[in-house]
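The values are calculated or read from the model by the stated rules, or taken from the named source; none is laboratory data. Keep in mind it's a predicted model, so treat the numbers as computed, not measured. Cβ coordinates were reconstructed from backbone atoms using ideal geometry, including for glycine residues, and neighbour counts include every protein chain displayed. Heavy atoms of the whole protein, side chains included, go into the accessibility calculation; ligands, DNA and RNA do not. Shrake-Rupley method; radii C 1.70, N 1.55, O 1.52, S 1.80 Å.
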Amino acid sequence: MLLNPLNGRLRQHDGFPVLPGGFPLIGHLPAIVTALPHLLRCAEREVGDHFWLDFGPGGLALTCVHPDAFTLFKNKVTTSQLIEEVAPEIMMGSLVAQDGDLHRQVRSAMNGAFIPKGLAAAEIGPLFASIIEKRVAQWVARRSIPLLEETRDLMLSLVFRLMGIDASDVPQWRKKYGTFLQLIIAPRIAWPGTPLWRGRRARAWIDTQLRGFISDARAQADSRGLLSLLVRSFDESDDPLADANLIANLRLLILAGHDTTASTMAWILIELARRPAIWAALTEEALRMGAVPTTPSELGSYPIAEALFRETLRYHPATTMTPRKALADFELAGRAIAANTRLCIPIIHLSRHAQIYERSDEFLPERWLGRKEPIRPPDMLQFGAGPHVCIGYHLVWMELVQFSVAVALTLRKAGLRPQIVGNIDKGIRYYPTAHPTSRLQIRFA
Ligand code: HEM
């Protein structure tokens, strides 16, 4: 693990241990980026349930690896505003970093479009099914694809279609978002050529495009799509929000809507390639159903594809951590937390916690099959919970079931199977976003 061998001393900060091994300026970031699950488990074993992680430019965050950390999502004495402090260049002005009335106003402007009824009314299902099927057919014809690059391009295309945006240069957007994301871990040096400078230029490029889309949407008052809906509900609200706020939220929606899902999509293909029994069960289900589902209400007829989606996300959560800040003193897992403490919810650790999931270290899609009880909040903790629970949950569920079924049908018809080219265990990244190595290829053979 990438820890500083010269920093082995355990020191205390505000009554909690600071994990040893941090580097000057960049803290534990090298280990967070490349080995987060291992880092958290070692820390739990060596220093206990509560410890400070050093996010370098993002500062220290008290990380609680006890299952009670899940309660932070609904805790009324914590705020999400820390997200803006930790990643001001990325999250400033977006709903994920806001609380109370401002959050409610923006969230309610968006909510309708993302619930199953909204998705069905906007006919997102048939639209996405046809784009996914076409893209999977192209991949299969190529026989081999760079996995992450392709899933990101596909997801960006879907997000733009969801928004009703006609974005022609998707690979350019993918590159700009990649550079923009580096702003989370970029050292605070803005000289030309540094990651901070390049990230800001990428953000300026993204914002210029978004401004253009917004003015197009205003010019065509009758246009459809999520973007027009958002522009209208922002413009018509009792307390109209500034364009800067609209842009910040659109930037976040495009980021949240493509990066996380592309990573999960990539992991689904990897798991299908390395687990023949799951591949057999999925293809059997897909052939029996005969087509890709096109509405949220049909998803229940694809239990294997749904189980694959849930287990892939549990095993490889696309959002690994999220911050909060204490507004007042409170207790967490038996320890007193003081007001103003910066906290980290380690989603990736909870996602494989033995007290939350049985046989938590095993990849077992069957855990989701034949359940009598409905999905409860801890079952989908990979999407958060409480007021900030992921707005895209129903959309992702549909997209990833559609994707799995499209892959199974297309490959089965061609008599092919996915195969991995490259080392899966090398190059996995956990922060700022989580994904398998970008060097991995998938071959259809
Ligand atoms: C596998 C895919 C996804 C995962 C794992 C995921 C995960 C999450 C998590 C954990 C949160 C809560 C963050 C917090 O409480 O601090 C969140 C919030 C959010 N997600 Fe997702 N997400 C996914 C896909 C999407 C998609 C497809 C969209 C939209 C197109 C989206 C839009 C959002 C938005 C706007 C928020 C902020 C909601 C609020 O603050 O009220 N996400 N997501």
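Tabulated values for the structure
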| quantity | calculated |
| --- | --- |
| Three-way shape call for segment 80-152 based on the alpha-carbon gyration tensor, with the a/c threshold at 1.5 | oblate |
| As computed over segment 1-156, the Cα convex hull volume per residue (Å³) | 182 |
| Principal axis dimensions, largest first and in whole angstrom, of segment 261-400 by Cα | 56, 30, 30 |
| Selection from Pro303, Leu287, Leu250 lying farthest towards where the dipole of segment 187-334 points positive, charges on Cβ | Leu250 |
| Estimated distance in nm for a label pair at Phe363 and Glu298, the labels positioned 7 Å out from Cα along Cα-to-Cβ | 2.7 |
| Separation of the Arg274 and Arg218 label points, Cα + 7 Å toward Cβ, nm | 5.0 |
| Cross-link partners of Lys426 among aspartates and glutamates (Cα-Cα below 18 Å; sequence separation of 8 or more within a chain) | Glu149, Glu271 |
| Above-threshold pairs, the threshold being 25 Å between Cα atoms, out of Lys134/Lys175; Lys117/Lys413; Lys175/Lys413 | Lys117/Lys413; Lys175/Lys413 |
| Theoretical ellipticity at 222 nm over the chain - DSSP helices of four or more residues, -39500 (n - 2.57) apiece, nearest 500 | -16000 deg cm²/dmol |
| Efficiency of FRET from Cβ geometry, His38 and Ala190, R₀ 41 Å, rounded to 0.05 | 0.80 |
| Size of segment 140-295 as Cα extents on the principal axes (Å, biggest first) | 52, 44, 27 |
| Peptides 31-37, 131-137 ordered by average Cβ neighbours within 10 Å, highest first | 31-37, 131-137 |
| Charge dipole (segment 68-168, unit charges on Cβ, about Cα centre) - positive-most of Gln105, Leu127, Met155 | Leu127 |
| Computed over segment 66-444: relative contact order in percent, which uses C-alpha pairs under 8 Å that are six or more apart | 27 |
| Loop-resident sites, segment 362-445, for trypsin sites (Lys or Arg not before Pro), counting at most 16 other Cβ within 10 Å (DSSP) | Arg371, Lys372, Lys426, Arg439 |
| Carbon and sulfur %, accessible surface of the chain computed with the full protein complex present, 1.4 Å | 54 |
| Lysines whose Cα lies under 24 Å from that of Lys76, excluding same-chain neighbours fewer than 8 positions away | Lys325 |
| For the chain: accessible area per residue (Å², 1.4 Å) | 43 |
| Which of His388, Leu95, Ala202, positive extreme of dipole for segment 66-444 (C-beta unit charges) | Ala202 |
| In Å², nearest 10: area of Asp49 left accessible to a 1.4 Å probe | 50 |
| Theoretical FRET efficiency, 1/(1+(r/R0)^6), r = Cβ-Cβ of Asp14 and Lys372, R0 41 Å, to 0.05 | 0.35 |
| Cα-centre dipole for segment 66-444 with unit charges at Cβ (Lys and Arg positive, Asp and Glu negative), debye to 20 | 1100 |
| Debye intensity ratio I(q)/I(0), log10, the chain, q values 0.07, 0.12 Å⁻¹ (C-alpha model) | -0.35, -1.08 |
